[in-house]
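The values are calculated or read from the model by the stated rules, or taken from the named source; none is laboratory data. Everything numeric here is computed off the predicted structure, so don't read it as measured data. FYI the Cβ positions are ideal-geometry reconstructions off the backbone, even for glycines, and counts take in every protein chain you see.
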Amino acid sequence: MEGKCPRCRDQNRPEARFCARCGLLLESTAGVPLRPGRIGHPNPLPAPDGFQPCAEAENLHFRWESAWGGSMLAGTESIAVVLFNGGYPLEAVELQVSGCDGSGRQVLVVEHPIEELPRGREVQVEVPSYELPAPVKELAVSLVSAEFANESEQTR
């Protein structure tokens, strides 16, 4: 452990388990590198009904629907992906959205940047219809990368 907190960037003693400044857990329990978006918040907010967990992320959830609102009609209209962050505030977020058709064949893989993903708020991204080569029946969202939001954002 290098001793530098990935959240607040404060220098800690190499043997420290928690950051002396912000309290973030500094050591991995499963050998997974401690990176923003992958560190569970000590008091995570519960995801709203209908949301499912994002892959490769802690406390980040999503739901999807037609960008027109409600369930998909034709299956090829634009898709609204709504994200809920119940953990640490994040910024410079990169997500991967993938989708399968009715037979389980992958028909969609796109990456979407999100400037800011505050704690306790929903943020919507849209997958435009021109990126959908076939109707999507299943959707998955995974976290590619993120940064912790600045200190003033974290105290809200």
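Some points to look at:
- Yes/no for Ala149 being in contact with a helix residue (DSSP H, G or I) (Cβ under 9 Å, 6 or more places away or on another chain) and either at negative phi or of a type in the set (Asp, Glu) (or both): no
- Residues within the range 98-119 that are touching a helix residue (DSSP H, G or I) at 6+ places or on another chain (Cβ under 9 Å) and either within 13 Å of Leu139 (Cα to Cα) or β-branched (Val, Ile, Thr) (or both), tallied: 2
- Residue list for the range 1-56, filter: farther than 20 Å from Val93 by Cα, acidic (Asp, Glu) and at pLDDT 80 or above: Asp10, Glu15, Asp49
- The set of residues from the range 118-151 being basic (Lys, Arg), out of contact with any strand residue (DSSP E or B) (no Cβ under 6 Å at 6 or more places or on another chain) and either surrounded by 15 or more Cβ atoms within 10 Å (Cβ to Cβ) or under 16 Å from Gln52 (Cβ atoms) (or both) comprises just one member, Lys137.
- Scope the range 112-134; condition in a strand (DSSP E or B) and under 25 Å from His41 (Cα atoms); matching residues: His112, Pro113, Ile114, Glu115, Glu116, Leu117, Glu122, Val123, Gln124, Val125
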